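Everything below concerns the one structure shown next.
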């Protein structure tokens, strides 16, 4: 019963957070002295895209429509929230007129999610493994070296690592491609290898940093758990190190980290945006970047709103899952 | 466990040395610069590192070494101001929420939670795109403060909540000390260590986020920061031209500065948790 | 079954700190032996040396602890030094810790924690059979089957302690060592658990070593008692004899300090379990 109340409470907060985020997004373009729509239109036409007066008017209308620029501020606000929450429609892209923004986003999202999920998963498994072993034997030379490496990797921003990796492995040693070009028919072997090959460096730049972070925190957790009574009891039961680590230490070390993950997701997302731009990787980051470069206001608002909502949702979902995984909270 | 704490000072010292190196480079050396390194063609173009130009020159005729000191200075100033304001606001609002409770606490807590789940960079990109393609440093700083005060605030609020229940606070309360005095004398020392660690962490986050924005060319082009230096290098084909020192020096500066900052902040938080345990 | 021969045990390698100083002791089959003494008397260190738990810098400086275990089923006889006992843990030897909140893995159900570590001979049959046997065994401790599906935090202190006794006893070992098993519990629960331990020992006809600072506990269940003081055994013998006629001044003081009821010592009114 308390659990249901907890979940309901979190869901209400979640809804409020999303509304808050959208409110921020609504007011940001209105903070400046210039009218963003006119600025955008000026930028689009200055880039030489030829449009006749009727087309410009249609565009202006579409922009005003999408962002509800008619009526009083409150009416605009209501229309904006309603439009995004109910229809998730951001209108047509201006630079790739008339492709709807949502279609472009739908094509880009699998790339971003694929990149983030795979690299986080790899980093998580490796980081737990190394962190667990080095926390179990904290004074062995290997574990000190591993911690040293992790400490040197973790504070480096993703994009710096992305830059270093691309300098080393694409410029100096020409091993990996400089920009992403995916080749092959859908679902062919060539396509799969091409995706893996092109995603390798962007993924590595995320894996390495996240790996460092997991090693540091899992090591600290494991070190503390070694002194726990239940670990001592398990040892006195004659259980082997492997079993104690996997059944007693690991679950207890992983559980509290779920909340850390919730705090880390936003930073990881930020990092992947820049990584994608630096590697020309066809995800949400590159889409945002091209929207900025081409002054595609609809695309920009769509991608930014979606990233904000996605990160907020992921954070809240993790927050919500935590008590379901911890029996001490689940069965109270 | 004992070893762990013997470790902390070493970590701290190494971090302090690295940060000090960057501070000397960024805070003192710019005074000795022969001229504004930002200005084009004040030096011969495309020089390799040598006696006249320690780190060589850019293809725009700028001295990389002096450019680096300026970039470090601006990045450090930005980071320090962002961290300073975020920490002050965060500690103040966190104490207010934890100490006052009730509606104020609920409203502040909601804003903390909400701002923590909103990714900073997309909002910054949106603003940069809307306001002419670039954001001035003060605006970047302001936005970073808005998104970074919740971290210290949440922590301080939690501490303040537990402190309200602590015996020695009650003793002070009943012996007639004023709220302000209790805050300053009893609660502040308790959160000082953690706040210092968080402050340094925020310096790191501030510099990192601004650089991220700058690397894709959306931060100020009027000032050199570590990020804009990287952006210029990429934009003017430093890589294709094989001028690795030009692009490498800000990259290495960021790496060293960040490792230093992280070592200091983790060393500080280790020390303060060690002290708290011994109390 | 276990013979402790003039053993000196302590901590540290550079500066050796003695905790047990030249102790000799024999533990026989089919008996309940009590080790009593105040904290710091070396009783827990002695217990660890007998169990063969030489982690955290514990080591035997001189003397020896040797064991001779006859497997109840195969009749095979194993002889070993206590430093080799590790391979006999949860087979010939088991251990009952003090049932604090954190002695069981908080993320593992009780059933899994009973099964984890069991020797092959007790594991036989299907998972369902095993569960049924464990449930029947727990019923003897007044624990219902649903305890098996509970997590440790859902049990009371008394239930947790009974589970720990059951886990150690279900192994069906030749030797059970219990370290202050009832210290944190109230007297009624304490008495119940002690009686269960006696019943189990009489049934399994193995040896139970009970370490406790509480002489009342020893009076209730032990057959033989050893009193330790400052790392040495100051008195040893049948429990009833020691209580009737204490020889050493320290023992006399300990017995005199027990609570009295109507002018008699409380322990006398409780009676000894059969």
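List of remarks:
- Shape of the range A:104-217, Cα gyration tensor, a/c cut at 1.5: prolate
- Radius of gyration (Cα atoms) of the range C:158-231, expressed as a multiple of 2.2 N^0.38 Å: 1.06.
- P(r) tail for the range C:1-111: Cα pairs beyond 26 Å make up 26% of the total.
- Relative contact order computed over chain C (Cα-Cα under 8 Å; 6+ residues apart), in percent: 25
- Average beta-carbon neighbours from other chains, 10 Å sphere, peptide A:262-272: 4
- Value of D in µm² per second that Stokes-Einstein yields for the protein assembly as shown, Kirkwood Rh from Cα pairs, at 4 °C (1.567 mPa s): 40
- Per-residue mean of C-beta atoms belonging to partner chains within 10 Å, peptide C:99-105: 5
- Percent of Cα-Cα distances greater than 16 Å, calculated over the range C:21-71: 48
- Rounded to 10°, Cα long-axis angle of helix B:150-165 versus longest principal axis of chain B: 20
- Nearest 10 degrees, 0 to 90: helix A:257-279 Cα axis against chain A principal axis: 50
- Spread over its residues, the convex hull of the C-alpha atoms of chain C is 129 Å³ per residue.
- Relative exposure of C:207, B:22, A:152, B:117, judged by other C-beta atoms within 10 Å (fewest first): A:152, B:22, C:207, B:117
- Contour minus Cα-Cα distance for residue C:28 and residue C:71 (0.36 nm per residue): 14.0 nm
- Pair residue C:38, residue A:328: separation of 7 Å Cα→Cβ label points (nm): 3.5
- The protein assembly as shown: antiparallel DSSP beta bridges as a percent of all, rounded to 5: 60
- Peptides C:82-94, C:130-142, A:107-119 ranked from most to least packed, by the mean per-residue count of other Cβ atoms within 10 Å: C:82-94, A:107-119, C:130-142.
- Overall form of the range B:1-99 per C-alpha gyration tensor (a/c, 1.5; a/b vs b/c): oblate
- All C-alpha to C-alpha distances of the range A:201-331, sorted into 10 Å bins beginning at zero, yield P(r) values of 11, 28, 28, 18, 10, 4, 1 percent in whole numbers.
- Here residue B:31 and residue B:142 are evaluated by their C-beta separation; at R0 = 25 Å the FRET efficiency comes out at 0.35.
- Test item: A:308-314 mean partner chain Cβ contacts at 10 Å: 3
- Whole-angstrom Cα spans of chain A along principal axes, big to small: 83, 58, 40
- For the range B:170-279, the equivalent ellipsoid built from the Cα gyration tensor has semi-axes of 45, 16, 7 Å, listed from largest to smallest.
- Here r is the Cβ-Cβ distance between residue B:104 and residue A:10 and R0 is 30 Å; the resulting FRET efficiency, rounded to 0.05, is 0.90.
- Extension gain (nm, one decimal) between residue B:14 and residue B:192, 0.36 nm per residue minus Cα-Cα: 61.9 nm
- Efficiency of FRET between residue A:126 and residue B:179 - r from beta-carbon atoms, R0 51 angstrom, step 0.05: 0.55
- Helix A:73-82 and the longest principal axis of the C-alpha atoms of chain A enclose an angle of approximately 60°.
- Calculated P(r) of chain B - Cα pairs past 26 Å, %: 52
- A full extension of the chain between residue A:321 and residue A:19 corresponds to an added length of 106.5 nm, given 0.36 nm per residue minus the alpha carbon distance.
- Taking other C-beta atoms within 10 Å as the exposure proxy, C:186, C:214, B:36 rank C:186, B:36, C:214 from fewest upward.
- Enclosed volume per residue, in Å³, of the convex hull spanned by Cα atoms of the range B:135-218: 87
- Residues B:75, C:257, sorted so that the one with the fewest Cβ neighbours within 10 Å comes first: C:257, B:75
- Our analysis of the range C:61-103 gives Rg over Rh at 1.10, with the two radii drawn from alpha carbon positions and Rh computed by the Kirkwood formula.
- Of all DSSP beta bridges in chain C, antiparallel share, percent nearest 5: 60
Computed from the coordinates by the stated procedures, all read-outs in this text should not be read as laboratory data. Here the structure is a predicted model, which means the values were calculated and not measured. Reconstructed Cβ throughout: ideal geometry from the backbone, glycine too, with neighbour counts over all protein chains shown.
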